[in-house]
Amino acid sequence: QVQLVESGGGSVQSGGSLRLSCAASNSLFRRLYMGWYRQAPGKQRELVATITTGGTTNYGGSVKGRFTISRDNAKNTVFLQMNSLIPEDTAKYYCNGAGALSALGLNGGYWGQGTQVTVSS
């Protein structure tokens, strides 16, 4: 079992940046595929980015070129650097970990409690 705790959310103006962190409770993290997902009120959960155990990344179309996912296995932490933020990025952001890439985003696996990001115009 592993617990995931997100941090780094907040309020920012359009064009600004934020860096989200997701800290895992133990070194099982190193064997997990990790992802960031977001959900805005009244909308479905959306893929933001994923990263494999080997560091291969993938991004949702709406954030490609603006967001960067990375991981530090020594710190059991995954990061999401968000640049050029726009109001449409406003959502609660969740960290997800799973034992396979195909299992990310599903209701199984490990999920954090989420951190709110609000972007004002």
How high is the FRET efficiency from residue 58 to residue 28, r the C-beta distance, R0 25 Å, rounded to 0.05? 0.70
Under a Cβ-Cβ cut-off of 13 Å, what is the net charge of the residues other than residue 76 that fall near it, where Lys and Arg count +1 and Asp and Glu count -1? +3
Here the relative contact order (percent) of segment 36-121, from C-alpha pairs under 8 Å and at least 6 apart, is 26
Using 7 Å Cα-to-Cβ label points, what is the residue 44/residue 118 separation (nm, one decimal)? 2.8
Over segment 54-121, equivalent-ellipsoid semi-axes from the Cα gyration tensor in Å: 22, 15, 12
Please compute, for the alpha-carbon atoms of segment 1-57, the extent along each of the three principal axes and give them in descending order in Å. 35, 22, 22
What is the local net charge at residue 97, summed over the other residues whose Cβ is closer than 11 Å to its Cβ (Lys, Arg +1; Asp, Glu -1)? +3
In terms of the charge dipole of the chain, which places +1 on Lys and Arg and -1 on Asp and Glu at the beta carbon, the residue among 80, 58, 21 farthest towards the positive end is 58
Could you identify which residue out of 51, 86, 69 has the top mean-square fluctuation in a GNM of the chain using Cα springs shorter than 10 Å? 86
Dividing the Cα convex hull volume of the chain by residue count, how many Å³ per residue is that? 91
If packing is taken as the average count of other Cβ atoms within 10 Å, what order do 32-39, 4-11 fall into, highest mean first? 32-39, 4-11
Run the simple label-point estimate for residue 19 and residue 88 please: 7 Å along Cα→C-beta, distance reported in nm. 2.7
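Coordinate-derived values only; no laboratory data. Everything quoted here is computed from the prediction, not taken from an experiment. Methodologically, a virtual Cβ is constructed for each residue, glycine included, from the backbone with ideal geometry; neighbour enumeration extends over all protein chains shown.
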